[in-house]
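In what follows, a single structure is set out as structure tokens and then discussed.
All of the numbers you see were taken from the coordinates with simple rules; none came from a lab. Note that the structure is predicted; figures quoted are calculated from it, not measured. So basically every Cβ, Gly included, is an ideal-geometry build from the backbone, and we count neighbours across all protein chains shown.
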């Protein structure tokens, strides 16, 4: 069974800096570990689902300078269907369920506030099962979810992943 | 000046699948493009900030099985300071400003709902300038922000990144 | 007509400690009262509905570690029916009417937050007459309704039980 | 390590009917089990915290004919203190923390609506750290928390009591 | 055209004390005015609609010890009809339109909180056109609308009764 | 001990029509009852507090053409004081406590909407202990509290005036 | 005393089309009226305050492409001061009082949503007396206040300008 | 391509004072500029859409002394249609879309609060697609949108009018 240790965390930290950093460089910067071991550990962490190494596109660089959070109230029994449907849209970057008054939360990326408005009222609002939407513009994201660093206290906890 | 084209998008798509895919394999799968060009294009897109290649850790695999969204009302004039402060916490994975009634939105990852509650009331609630918090548990994320794919319509828009 | 006095309160206090405490022990601890009188008084208080002696199961010990409060808005004229319906579910531990904006309040016990979410959206939300639900997770109960102690000031009031 | 089985559930069901039912009668009604085993099982379930056997007083029979739910917003850092304080009041029958906008939920039992109002505004509202209260009168409780029955599906889950 | 003056106000003040005070006594207490003039002035103020002299029943003395304010959201185009309908109920003591989010406000008098709840959910909630109700119990009325005294500054304004 | 009967109700109905209707006319219209008995019954009902006979001034006829409902959130422990204070204002026609989120409800009569605004923000809002106000204009009152008619079902209930 | 008639309305309509339309052209297009009369009527309507003739700048043409509505809750007794203060800001285009929960409404014009956010949190939020702000982005204005046309039914009403 | 400069701003300022100020007077007051250039610059600014010169009617002078803001929740897919429809009403002076919970904001001008109420409930509320309305009376407008002055910092920005 896979376990993580401090060395894994050091490797992940370097891969958060540059996901394509060569194993040789990682081995050198971590120290006391061979390039082969680095390769093996990365492979294991990826295959065990501990980490994912991925390109992350920056919407602002592709003309999508406005980000909006939208909370959506959905008819009972249509929530899964609506959420799956929303996940397909190319200008929706986030879809999650939420316990509280609203059923589904999404993040929309758009060229400007007019496009947000049109998309929310003309597209999201017309999906069968959507009852109500509430939109807030997000002027700036200071820390994004893919920037979460594994806390040291989590190393030992790694095998208990069931709530 | 850097421009993106359909080839860039194909490269990014492959890097979203596997951020460490060798340039040779990318070249082969895209077709009609050399390994050197792939390397050059990746380097350019990263240095221009169009994309970032990074390891993304999965909190659930590190014992953080509960995710919560928290909206925070902050005293005027303390918003930047509070947001910077929040971004430092290792169990906060997202910090953003929000136009509307609440000033700052965060995402918390925790071992269980008791830990969410204690963190929000004992830590977040005590930061100077925080007036009020509202928490919702997120039982499932269907699509995460780093999964946003660059739409084809965005290729031509790439040079107009100012709102 | 039955009346309660200080002795009754002492008996009830001991029965809140241990509902199966033998009458002999109660008689000894209260003092100046026979075992027979203790038995008679308990019987009378139970038959008059002043108290109920019951086993109370602890949901956390049966894998139900998450408790949630859900307020439910119900279509006029379906409230009684919906409430009766909800009371039948084995993972609903509390059903009450509420004067205000919401018609029915329930408490749900579940294995985890995902189960709460699924139960509220897929089961409660689909009951005919349910219009809207709002859920809050309850991380800890400090004092539960069955721990209410009869105040001394209530002894004389015992015969005026009609509002 | 203690395990529960179907027989335990049958015993608990009978104890919910009458918490003082003699072990001999329980043995007879369950069948195929001795009085001694019943005594042993009850003792074990109580000492393991699976159940509690207790007298439950009926507030209506003691002149407390009005029940009210009150949600209380508390200053950060005073929540534990306020909750402990509230738990001491004899006319408060329930105190719980709540994830969401309000920090503490309580249930008040009172002689009439005037008493509820006076208690909430003059006592609860004046506790240091209490910022705001919202009260709803509860005209009727259909199912109370101590009436929760252990579902059969929970028998196997009994040993996994950590969230 | 009728005008009011200070003498009229003195007469109204005495009639608020006792609506059946004999004209002779009023004349004596006001001073410098004949019984006939008092009669004439009362008659004129009543026929001009400046005042109304009426018995006002005290609901508490007729077993209606609970008062509740209910705000009602009504479907567009049904508001007049719903309001007229509500005004017919003998346990509704007040019906008014309200500019804001809710269309109609009423006051209900009832024997107890259960009756308020049943009346609001089973009767008001079922009137065609009623979409939603929100109820608050009124524990005490300190000053009631029929106790409004005409301010001295209003005497000269009496002829401009159109907004 | 005073009791009400159908005859009392008939008398009250006539006094709601005209509070100064002579006893002789009431006797005649009720029938089978002497003028002396009418006088005695009115006197008894007034002295027992069942009814009050009073002049009711019409604010619209005194230039107060705008009515507004204001709900006021008050600091704990200042509620009685604030309510007593508000009751003194000549343009406040109603003051009541309210169970829910707001502590005190008032009705304001004013010359126009500007005067309502100025009174609420400059006078009510500055009373020590007032935290927040919410105002709604009342364009029309269809049935006023002093028009409540005693229901026949209330006759027998008249002696049980405690909740 | 000045009166308006149908001819005035025709003149105003033409001036809404082009505020600098020569009097001669207006006379010709209205018909049956001399240039001198047109001049006189315009002068009278302006000096009586019936109309104002003004240049109206289009914020979008000056780089202010984002419009936001902000509702501001203000401490009692500081409302006039805060409103006067806000009216001075060059990127605030509208300041009004509002009866309800919020005291002052403003409209902000800005270069982008980031500027709206910064202005509301760093400038508006720091004005002494401002307690809370709520912002909504306005993606499009379909009809603006200066486009209000005088309804024909208003001609006769012109002399009754007091509420 | 048209550019604005400080001289343009001076001209606009004078035209905000009096939209019909003769070009000769503007030239004299600005100084160092001919009447012909003033005429040319005004014409260019109007034809480029930088400014509009228009008569603005004052509703209060035409018997419309009450102004109300109404926020309208509209069914998805009917928003444009509803907004176009609303823009046609002669007593609606403003129609805008709004990002948030409400879809369309309007301003109503009316003779009195009764007329506001009737118009909102009987006309606006009945338009197909309108789900809910919330009205606030505006007692005073301190600065109106047509009073927005072009800030000096906007001169250079004038050519970047796309968001």
Using alpha-carbon positions, the gyration tensor of chain F gives root eigenvalues a ≥ b ≥ c; with a/c under 1.5 called rounded, otherwise prolate if a/b exceeds b/c, else oblate, the class is prolate
The range C:38-90 and the range A:12-90 have their Cα centres apart by a whole-number Å value of 46
Most packed first (mean Cβ within 10 Å per residue), the peptides C:79-88, B:90-99 order as B:90-99, C:79-88
Cα gyration tensor of the range B:14-54, axes a ≥ b ≥ c as square roots of the eigenvalues: rounded (a/c below 1.5), prolate (a/b > b/c) or oblate?
-> oblate
What residue of chain B has the nearest C-beta to the axis that moves B onto C, and what is that distance in Å, given as a whole number?
-> B:137, 3
Per-residue average of other protein chain Cβ atoms inside 10 Å, peptide F:124-137 -> 5
Evaluate peptide B:105-118: per residue, the Cβ atoms of other protein chains within 10 Å of its Cβ; return the mean as an integer.
-> 5
Does anyone have the angle between helix H:35-47 and the longest principal axis of chain H? Alpha-carbon axes, 0 to 90°, nearest 10?
-> 30
Divide by every residue of chain E the summed helix terms, -39500 (n - 2.57) for each DSSP H run of at least 4, and state the resulting mean residue ellipticity at 222 nm, rounded to the nearest 500 deg cm²/dmol.
-> -8500 deg cm²/dmol
Calculate how steeply helix B:6-17 sits against the longest principal axis of the alpha-carbon atoms of chain B, using the helix alpha-carbon long axis, and give the answer as 0 to 90 degrees to the nearest 10.
-> 50
Stokes-Einstein D for the protein assembly as shown (10 °C, 1.306 mPa s, Kirkwood Rh from Cα pairs), in µm²/s, comes to 45
Rel. contact order, % - alpha carbon contacts under 8 angstrom, at least six apart, the range G:53-159 | 34
Counting other chain Cβ atoms within 10 Å of each Cβ in E:24-36 and taking the mean gives 0
